[in-house]
Amino acid sequence: MERLVNLDSEAELHRVLELDGAIVGCLLAFREGTTYDSVNYLWFAEQYERFLYVDRIVVSPAQRGSGAAATLYRTVFAHAAATGVPLVTCEYDIAPPNPASERFHTKFGFRAVGRQRVAGGKKEVALCVADLAANPEGTLHASAVAMPNTGEPVK
């Protein structure tokens, strides 16, 4: 619980997605300059001066394919655009492969810029960047406007 409270306090963006009063998803994203110790976050911190790192987006199994994850990503892009952050970064599994995640992230303009082994070498991730200047997703889907971490749900 202590780690979760710390992550929340360091997060640039933490949103909860609700539907009919039930939580159906959430996101956690970090800006550069935090003390977050994720190996993936640290990789981006070594490569880029300014970025918004999507650490996790979680969607309930019943809502997968409903657009919930896209709504959360639009919130990330809108927040990055509103705060002048030029890059949104993330990773997804490539070993074992996750082709659905790859397709999803490609739709949002992410491109792989690196790879690394994680989880004690049991998994490999593609480290990805979406450049807001080259990616219209950040401006075309600004209907999910985000503010700094207020703890309020995205509706």
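The values are calculated or read from the model by the stated rules, or taken from the named source; none is laboratory data. Quick caveat, the model's predicted, so the values are computed rather than measured. Neighbour counts are summed over all protein chains in view; Cβ atoms, including those assigned to glycine, are modelled from backbone coordinates with ideal geometry. Remember, those area values only see protein heavy atoms, side chains included, never the ligands or the DNA or RNA. Shrake-Rupley method; radii C 1.70, N 1.55, O 1.52, S 1.80 Å.
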(request) For residue 4 and residue 117, calculate 0.36 nm times their separation in residues minus their Cα-Cα distance, and state this gained length in nm to one decimal. (result) 38.3 nm
(request) Please report, in debye to the nearest 20, how large the charge dipole of the chain is about its Cα centre when each Lys and Arg carries +1 at its beta carbon and each Asp and Glu carries -1 there. (result) 460 debye
(request) Using amide H atoms built 1.01 Å from N in the peptide plane, name the residues 5+ places from residue 113, or on other chains, whose amide H lies under 5 Å from its own. (result) 127, 128, 129
(message) Nothing charged except the Cβ atoms of Lys and Arg (+1) and of Asp and Glu (-1): what's the magnitude of the dipole of the stretch 35-86 about its Cα centre? Round to the nearest 20 debye.
(response) 300 debye
(message) Under the 0.36 nm per residue contour assumption, what length would be gained going from the current alpha-carbon distance of residue 35 and residue 106 to full extension?
(response) 22.7 nm
(request) Pick out, from 129, 48, 7, the residue whose Cα sits farthest towards the positive end of the charge dipole of the chain, with +1 on the Cβ of Lys and Arg and -1 on the Cβ of Asp and Glu. (result) 129
(request) With a ≥ b ≥ c taken as the square roots of the eigenvalues of the C-alpha gyration tensor of the chain, please select rounded if a/c is under 1.5 and otherwise prolate if a/b is larger than b/c or oblate if it is not? (result) rounded
(message) Please report the carbon-and-sulfur percent of the accessible area for the chain; probe 1.4 Å, protein heavy atoms only, DNA, RNA and ligands left out.
(response) 54 percent
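When the Kirkwood hydrodynamic radius is evaluated over all pairs of different C-alpha atoms of the stretch 40-93, what value in angstrom, to one decimal, is obtained?
12.3 Å
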(request) Roll a 1.4 Å probe over the protein chains and send me the accessible area per residue for the chain in Å². (result) 54 Å²
(request) Can you bin the stretch 3-67 into rounded, prolate or oblate? Criterion: square roots of the alpha carbon gyration tensor eigenvalues sorted a ≥ b ≥ c, rounded for a/c under 1.5, prolate for a/b above b/c, oblate for the rest. (result) prolate
(request) Would you kindly derive the ³J(HN,Hα) couplings of the stretch 24-35 from the backbone phi angles with the Karplus curve 6.51 cos²θ - 1.76 cosθ + 1.60 (θ = phi - 60°), listing them in order in whole Hz, with x for Gly and Pro? (result) 10, x, 7, 9, 9, 9, 10, 8, 4, x, 8, 9
